[in-house]
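Contents: one structure, followed by commentary.
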Amino acid sequence: MRIAIAADHNGLALKARLIARLTAQGHEVDDRGAHADGVTVDYPPLCADVCGRVVDGHADRAIVVGGSGMGEVIACNKIRGIRAGLCHDRFTTEISRAHNDANVIVIGAKVLSPELAEEIVDLWFTTRFKGGPHQQRLDQIALLERGEPLT
């Protein structure tokens, strides 16, 4: 799988750890930044970049690592075609994929241990979208995204 990944200054160490793990699992990982230790960076441009890679087809999915992940998930979900899930435990991770078909996972380096983050990312990549009534809801979300009324 082709994966775009980015992290702000809070998530650099976890991003490096996830890249090593995902690469070892055979994924093609595109590190989109940030890269400089000790330099504070704004996360919205990073979110826009990795989400753009998903939307334009250069990546199948994306990972964003922030401090809490809260701002990052808000920024990612402003991009048309992105369904980003803030995942901080097994339940939210499974729901983000099985019910919401999330194409971006956002995690908080200050919220999760590195071991739990790895477990969550692994679970996110192996959980399948259930479809059925969940697809209808995604169709409704797409209408909202386009500014169309729900009828």
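The values are calculated or read from the model by the stated rules, or taken from the named source; none is laboratory data. Quantities reported herein were computed from a predicted structural model and do not represent experimental measurements. Positions of Cβ are generated from backbone atoms using ideal geometry, with glycine treated the same way; all protein chains shown enter the neighbour counts. In case anyone asks, the SASA skips ligands and DNA or RNA and just uses the protein heavy atoms, side chains included. Shrake-Rupley method; radii C 1.70, N 1.55, O 1.52, S 1.80 Å.
For the range 24-72, residues that are more than 14 Å from Val106 (Cα to Cα) and among the polar types (S, T, N, Q) total 2. In the range 130-151, of all residues being among the hydrophobic types (A, V, I, L, M, F, W, C) and open to solvent by less than 50 Å² (accessible area, probe 1.4 Å), the one that is farthest from the chain's Cα centre (by Cα) corresponds to Leu143. Against the numbered list (1) closer than 22 Å to Ala48 by Cβ; (2) touching a strand residue (DSSP E or B) at 6+ places or on another chain (Cβ under 8 Å), Ile79 comes up short only at (2). Scanning the range 12-45 for residues that are open to solvent by 70 Å² or more (accessible area, probe 1.4 Å), under 17 Å from Glu118 (Cα atoms), among the charged types (D, E, K, R) and touching a strand residue (DSSP E or B) at 6+ places or on another chain (Cβ under 6 Å) turns up just one, Glu28.
The residues in the range 77-100 that are within 9 Å of the chain's Cα centre (by Cα) and either surrounded by fewer than 17 Cβ atoms within 10 Å (Cβ to Cβ) or under 22 Å from Arg17 (Cα atoms) (or both) can be counted, and the count is 4. Are any of the residues in the range 112-128 farther than 17 Å from Ile3 by Cβ, part of a loop (DSSP other than H, G, I, E, B) and of a type in the set (A, V, I, L, M, F, W, C)? There is at least one residue in the range 112-128 that is farther than 17 Å from Ile3 by Cβ, part of a loop (DSSP other than H, G, I, E, B) and of a type in the set (A, V, I, L, M, F, W, C).
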